[in-house]
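Each reported figure results from applying straightforward, stated rules to the coordinates on display, with no laboratory input. What you see is a predicted model, and the numbers here were worked out from it, not measured in a lab. A quick note on method: Cβ atoms are made from the backbone with ideal geometry, for glycine too, and the neighbour counts reach across all protein chains shown.
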Amino acid sequence: MTVRLAFKILGSGFLLASGALAGRHLAKALARRLSVLEEFQVAMERLVTEIRFSSSPLHEALEELATACRDECRDFFLAVVRLLRQGDGLPAKAAWSDALEAWAKSSALASTDIESIALLGPALGSSGREDQSKHLESLIQRLRVHVDEARARSSKLGAFYREMGLYVASLMILLLL
Amino acid sequence: MRGNTWARLEAEVLVYMPQNLRRVAQNLLSSLPPGALEGLSEIRVRQGMPLAFMCRGAETPVPQNDYCVSQDDIARMFNIISANSVHAHEEEIRAGYVTVKGGHRIGMAGKAVLDRGRVQTLRHIRSFNIRIARDLPGASSVVLPLVVVSGRPLATLVAGPPGSGKTTILRELCRQFSNGVPELGLRPQNVGVVDERSEIAGCYGGIPQNDVGPRTDILDACPKAEGMMMLIRAMGPDVLITDEIGTIEDAVAILEATVAGVVVLASAHASSRADLSRRPGLSRLLDARAFGRIVLLSGSREPGTIEQVWDAAGEPLLGSIAGGAAGDRAAGL
């Protein structure tokens with residue numbers, strides 16, 4: 001009898017912990033997307049400065065951005081730089097889209113975010129400072145919309161997912177008892 | 001010698017070609033007749049045409065030169081030259097060339113995009129001309145004693161038609177003035193170079209690719225008139241060097257520099273002294289006797305050939321002499 005009760009308590013604890021973890025994981029994914037989007041937006045603002053005021057070559061500018069970024073964004077910029085350096089004249093748009101395709105497989109970003117970032121590729125590095133700035137500003141505008149949407153989702157659904165995890169676990173415990 | 005030239009070509013010139021074109025160029029260059037590689041001055045890359053190699057002013061025939069350059073070769077080559085960064089070479093592309101590592105210059109031709117009658121950029125590029133730069137110690141040995149008098153440099157205008165060796169002579173004078181020439185009593189000078197077209201120092205990434213001397217400050221890719229004033233104010237040069245002057249603005253800046261006590265060395269396109277007088281900016285300088293020496297180079301014989309030297313009053317100082325040893329060596333840019 002005591003052993004059975006102990007198993008029930010242990011099982012309930014396990015379910016509660018699992019539910020809480022699942023909820024946290026979902027909430028974390030939302031927060032992660034927001035953080036990556038914000039970081040990418042800041043990086044693009046910096047890229048505008050590098051191009052407009054320093055006239056830095058693309059690979060140097062992206063390397064600079066990589067040093068100031070973390071994890072996902074850094075790896076993406078470094079992947080573009082690697083392709084540009086090894087590409088035997090590969091156009092920047094191909095380097096951008098290839099690196100982005102690889103990033104999309106493991107990224108916290110939503111497919112809409114990836115689509116917006118992909119739009120920069122065809123223009124990248126192929127025109128003068130003013131034109132490059134316009135294309136980058138346009139991406140930054142789109143990223144702002146994504147950031148706002150990701151922030152709203154994170155604050156609204158983040159708490160919901162965390163609580164839902166516990167509620168669902170509690171409900172399962174009640175049903176199983 | 002051939003080994004050094006080959007290594008330099010590989011590292012500084014062929015590296016701007018995509019791999020398949022580079023292989024073709026390597027094969028063709030290795031079949032050039034003896035001595036031709038050392039005299040190689042240009043490689044011309046045209047879409048739909050075989051590669052062409054210019055040695056000492058003439059195209060060198062190459063056996064089995066049957067590979068025609070493709071559109072993809074041209075596109076990839078442009079991406080390599082511009083490092084996929086048109087914005088970083090905007091002014092150079094607008095001017096029709098990019099200076100690359102080693103001081104070599106890659107000219108390009110295609111469709112000009114205009115804005116209010118001014119070239120904004122080039123599109124649909126179809127051909128490149130890789131002009132191979134060389135350091136040519138001794139190219140100014142004939143000119144030097146004429147422009148240094150009593151241990152002091154004289155303001156000098158080096159004039160000549162395209163390809164006559166004006167820039168090479170200026171670069172060499174720059175190095176000599178910067179180092180000083182004890183045998184002529186010339187102490188080392190602080191030299192300022194306004195290198196609007198990156199031809200004198202051949203800066204790449206801010207680093208001069210040509211030896212312009214240890215006391216030389218370079219203002220790269222800067223408009224001449226503005227650059228001269230900037231250097232005078234900021235760096236206090238003894239000697240100021242700039243390339244291809246001709247506008248009224250250039251003349252005003254040079255006169256300002258002269259008033260400030262700076263010795264100016266400049267070059268200008270002209271085939272004769274009369275040509276110089278016909279250009280408003282230059283005639284103003286000649287009238288003001290801004291140059292103590294005017295050196296006219298001839299393109300009719302070998303590059304670096306001195307046709308005539310005049311003093312400030314327009315008196316000829318010598319008859320026609322050949323650049324001698326300098327001639328061959330001045331065949332670069």
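Quick rundown of the values:
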| item | result |
| --- | --- |
| Projected-area average for the protein assembly as shown over all orientations - Cα convex hull basis, square nanometres | 33.5 nm² |
| Chain A, helix-only ellipticity at 222 nm - DSSP H runs n ≥ 4, -39,500 (n - 2.57), divided by all residues, nearest 500 | -30500 deg cm²/dmol |
| Within straight-line cross-link reach of residue A:93, lysines at Cα separation under 29 Å, skipping those fewer than 8 residues along the same chain | A:105, A:134, B:101, B:111 |
| Cα-projected label distance for residue B:4 with residue A:164, points at 7 Å along beta-carbon direction, nm | 7.4 nm |
| Region B:52-89 and region B:97-151: distance between their alpha carbon centers, rounded to Å | 16 Å |
| Isolated Cys residues of the protein assembly as shown, judged by Cβ distance under 4.7 Å to other cysteines | B:55, B:68, B:174, B:203, B:222 |
| Shielding by partners, peptide B:88-99 (average Cβ within 10 angstrom, other chains) | 2 |
| Cβ crowding within 10 Å averaged over residues, with B:65-71, B:11-17, B:126-132 ranked highest first | B:126-132, B:11-17, B:65-71 |
| Partner chain coverage, peptide A:90-102 - average Cβ within 10 angstrom | 2 |
| For B:111-124, mean number of other protein chain Cβ atoms within 10 Å | 1 |
| By average C-beta atoms within 10 angstrom, highest first, the peptides B:308-317, B:215-224 | B:215-224, B:308-317 |
| Relative contact order, percent, chain B [alpha-carbon distance under 8 Å, six or more residues apart] | 15 percent |
| Under 19 Å from the residue B:70 label point (7 Å along Cα→beta-carbon), backbone N, region B:32-50 | B:45-50 |
| Spacing of the two label points (7 Å from each Cα toward its C-beta) at residue B:183 and residue B:252, in nm | 4.3 nm |
| Rounded to 5, percent antiparallel among DSSP beta bridges of chain B | 60 percent |
| Burial order of peptide ranges A:150-160, B:145-155, A:75-85 (average beta-carbon count within 10 Å, highest first) | A:75-85, B:145-155, A:150-160 |
| HN-Hα J in Hz across region B:222-229 - Karplus 6.51, -1.76, 1.60, θ = phi - 60°, x for Gly and Pro | 9, x, 4, 4, 5, x, 4, 5 |
| Calculated FRET value between residue A:151 and residue A:46, using beta carbons and R₀ = 25 Å, to 0.05 | 0.75 |
| Karplus-derived 3J(HN,Hα), 6.51/-1.76/1.60, for each residue of region A:133-148, Hz, glycine and proline x | 4, 4, 5, 5, 4, 5, 5, 4, 4, 5, 5, 4, 4, 5, 5, 4 |
